[in-house]
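Single-structure report; data block below.
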Amino acid sequence: MKKVLSIALVSTMALTAIATSTKTAQAAVLLDSNHVQVEAGDTYKSIAANAGVTIAELEQANGREVGGFDLIFPGETVTLPGVTTPATTQDTTATQTQAAAEDTSYQAPAQQATQTQATTQSAAQTQTTTQTGTSQGTFKISFYDPAVLGSNMGYSGVAANLSVFPKGTTLKITLSDGTVLIRTVNDTGTFAYSNPNQLDVAMPNNQIPSYGVTTASVEVL
């Protein structure tokens with residue numbers, strides 16, 4: 001009788017072992033191509049076998065000690081070997097960023113040169129605008145309207161003693177009130193023989209200053 005009971009007990013234990021083995025063989029839940037979720041009864045050995053990798057590779061992928069004791073719990077996420085995409089992407093991004101920085105550094109001198117050139121041109125333009133000519137001293141200034149005299153010479157000219165200022169000479173005339181006139185010598189007047197330090201500026205009658213004759217500092221441009 002005892003022998004029969006022993007056989008029945010052994011049979012029950014065998015069935016229990018088979019049931020346990022069946023539960024242990026259950027594969028972990030695949031979350032994506034690189035991660036699985038641990039189920040009850042899973043081990044690193046079973047996960048490695050299902051993934052087709054070695055236990056050592058699985059341990060390395062998860063930062064575990066190779067050959068050590070791998071304790072895992074249901075619900076835990078295990079990384080499968082070969083997850084290198086994030087690191088590669090990060091490295092690629094870093095490389096592209098560094099390359100962009102190098103390109104910017106390379107282009108900087110050219111940009112600086114362009115800016116320097118623009119600044120130089122601006123300075124040159126300012127210098128041209130504010131350029132002063134050779135001072136000729138103070139001259140007596142009178143005004144006349146060529147149209148009143150029947151002349152078609154226009155209002156851009158000035159009559160002068162041609163021995164002092166030959167025709168075509170450009171003069172900067174600064175009146176005593178600060179008004180600046182730029183005129184080109186294109187005529188002479190009867191006064192030129194008696195007073196070479198006098199200029200007769202062409203100007204419409206309605207613009208001639210009420211004070212008439214005045215003085216001005218004159219420069220040759």
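The values are calculated or read from the model by the stated rules, or taken from the named source; none is laboratory data. Values in this document were obtained by computation on a predicted structure and should not be read as measured data. So basically every Cβ, Gly included, is an ideal-geometry build from the backbone, and we count neighbours across all protein chains shown. Keep in mind that these areas ignore ligands, DNA and RNA; they rest on the heavy atoms of the full protein, side chains included. Shrake-Rupley method; radii C 1.70, N 1.55, O 1.52, S 1.80 Å.
Are any residues in the range 142-161 open to solvent by 70 Å² or more (accessible area, probe 1.4 Å) and either among the hydroxyl-bearing types (Ser, Thr, Tyr) or farther than 20 Å from residue 206 by Cα (or both), and if so, which ones?
155, 156
Tell me whether the range 203-220 contains one or more residues that are of a type in the set (Asp, Glu) and modelled with pLDDT of 90 or more.
yes
Could you count how many residues in the range 46-85 are open to solvent by 60 Å² or more (accessible area, probe 1.4 Å), among the hydroxyl-bearing types (Ser, Thr, Tyr) and touching a helix residue (DSSP H, G or I) at 6+ places or on another chain (Cβ under 7 Å)?
Final tally of qualifying residues: 1.
Collect the residues in the range 152-183 that are basic (Lys, Arg) and within 13 Å of residue 221 (Cα to Cα), keeping them in residue-number order.
172, 183
Quick one: residue 180 ticks every box in (1) open to solvent by 80 Å² or more (accessible area, probe 1.4 Å); (2) at pLDDT 90 or above bar one, so which box is it?
(1)
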